[in-house]
Amino acid sequence: MIFIIAINFWGSDLYAYEGQFRHIRILLKRYPLQTSVHISQEINVFRNDSLFAVIKKNNEINFTLETSGLEMEIQNKEFHANTFSISASNGNNIQLENKNYRGTIRFAGDGTDILVINEVSIEDYLKGVLPAELGKIDSDSLKESIKAFAITSRTFAINKILENRKFYDVEANVSSQLFFSTESERPFLNKLLDETKSEVLVFDGKIATVFFHSCCGGSTENVDNVFKTLGLPYLIAKKDSSPPNCRFSPVFEWTEAYSTREFLDMLSNYEHKIQPAQQIIDVRVSGKLPSERVTGLDITFSDSTSYTIQAKQIRLVIKRKNNSGILRGLLFSIELKYNEDVLDSVIFHGKGNGHGVGLCQWGSFQLSKEGYSYSEILNFYFPGTKIRKLDDLD
């Protein structure tokens, strides 16, 4: 059953204005051309941010991508708008595909796909980020590192909002920060998050540009060598202490071994001009940064041709075994094994996991265990930055 409300309320916006940076838009997924959404609860429906319908539970809503926006069809009634949004009519979490989300779910068309976007407060967003990025940690000895990560994550999110994208601010995957639905929230993490509420990192009075990764492998990296951002004195390559703080990470050291056939298949899948019939005779590191991270790989074939993989492509070209993800990082050396003078396998011996810029999560864990406060941890990985509350920056 559907009830159409044929009026626009004076408070038509989904959220009252509470100051800049208070809400964030998370891209959950993309649907091509058409999708159907099962409604398992009574919901409010907003058309172009104005409430216009209440839909009873156990209904189906169909969305179709149009040139000018979206068509919403329910019970043989069609409605058109740039965007449609849904929220639980009783104020509870909104359910989508058997998962619960805070705030609202917006459907929008970008001309190619139907975008499904969760709109929540910054603090509620972080409640879904911390368990996704940090896992099931609940040790009191890690509290300060969790607080440090919360501030880093919040600062990262604010920077994404500042990019002023048309449809969404962040994605729910590793291209931004991992984000899970409310089922993954944990009281332990939420409490620590609340203790840092509204706190962000600033440098010279402006929101700092921050990055983080799982394990630096013993040395962080200059931001200039990884991202387009330049001239940030607090995102520099530095030793992660001696011995490295992140040495207890399960991927502080790792090995990936490939037969020459497997290695060639990865190359040809990425660069189609490389023929699967070619034979690799040599693989060499073409250069390294002061941190020992690789800047390129030179591959030589039996017909005397060669191919170079630049640093930014290496982790995209070379996958972990069984296609379980991209190569963990660029801090590696190469071992070649031969069988009767024929190259038989290529072995990567590496350290760390991630790009190496900014906060090393496993390194911060160890600093927390050693008694560092969250402000000291942040100053270690972002030297020269200061902690400020968003309210003081509005």
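Bear in mind that the values in this text are calculations on the coordinates, not laboratory data. Only a predicted model underlies this, so the values are computations on that prediction, with no experimental measurement involved. A quick note on method: Cβ atoms are made from the backbone with ideal geometry, for glycine too, and the neighbour counts reach across all protein chains shown.
First obtain the Kirkwood hydrodynamic radius of the stretch 253-351 from its Cα pairs, then insert it into the Stokes-Einstein equation at 37 °C and 0.692 mPa s, and state the resulting D in µm² per second as a whole number. Before the final figure, lay out each step's value.
Values: Rh = 13.6 Å.
Answer from the Stokes-Einstein relation: 241 µm²/s.
Could you pull out every one of the lysines with an alpha carbon less than 18 Å from that of Lys136, ignoring same-chain neighbours closer than 8 positions? Those lysines meeting the cut-off are Lys127, Lys147, Lys191, Lys369. With neighbours defined as other Cβ atoms within 10 Å of a residue's Cβ, the residues Met72, Met266 order from fewest to most as Met266, Met72.
Normalised by the number of residues in the chain, the average gap of Cα pairs under 8 Å and 6 or more apart makes the relative contact order 16 percent. The gain in end-to-end length when the Thr300 to Val202 segment is fully stretched comes to 30.6 nm, 0.36 nm per residue minus the alpha carbon separation. Site pair Ser175 and Asn76 shows an inter-label distance of 4.0 nm when each label is modelled 7 Å from Cα along Cα→Cβ. The trypsin sites (Lys or Arg not before Pro) of the stretch 227-257 meeting both criteria, a DSSP state outside H, G, I, E and B (loop) and at most 12 other C-beta atoms within 10 angstrom of the site's C-beta, are Lys228. Comparing Asn222, Asn322, Asn92 in a Gaussian network model of the chain where C-alpha atoms under 10 Å apart are linked, the largest mean-square fluctuation is found at Asn322.
Computed on the Cα atoms alone, the convex hull of the chain gives a volume of 166 cubic angstrom per residue. For Glu253, the shell of other residues with beta-carbons less than 13 Å away shows a net charge of +2, using +1 for Lys and Arg and -1 for Asp and Glu. Any idea what angle helix 260-270 forms with the longest principal axis of the chain, computed on alpha-carbon atoms, 0 to 90 degrees, nearest 10? Tilt of helix 260-270: around 40 degrees. Within straight-line reach of Lys288, meaning a Cα separation under 20 Å, sit the following lysines at least 8 residues removed in sequence or on another chain: Lys228, Lys238, Lys239, Lys312, Lys351.
Could you work out the helix-only [θ] at 222 nm for the chain, with each DSSP H run of four or more residues adding -39,500 (n - 2.57) and the total divided by the number of residues, to the nearest 500 deg cm²/dmol? Please report the intermediate quantities before stating the final value.
On the way: 8 runs with 81 residues, N = 394.
Dividing the helical sum by the residues of the chain leaves -6000 deg cm²/dmol.
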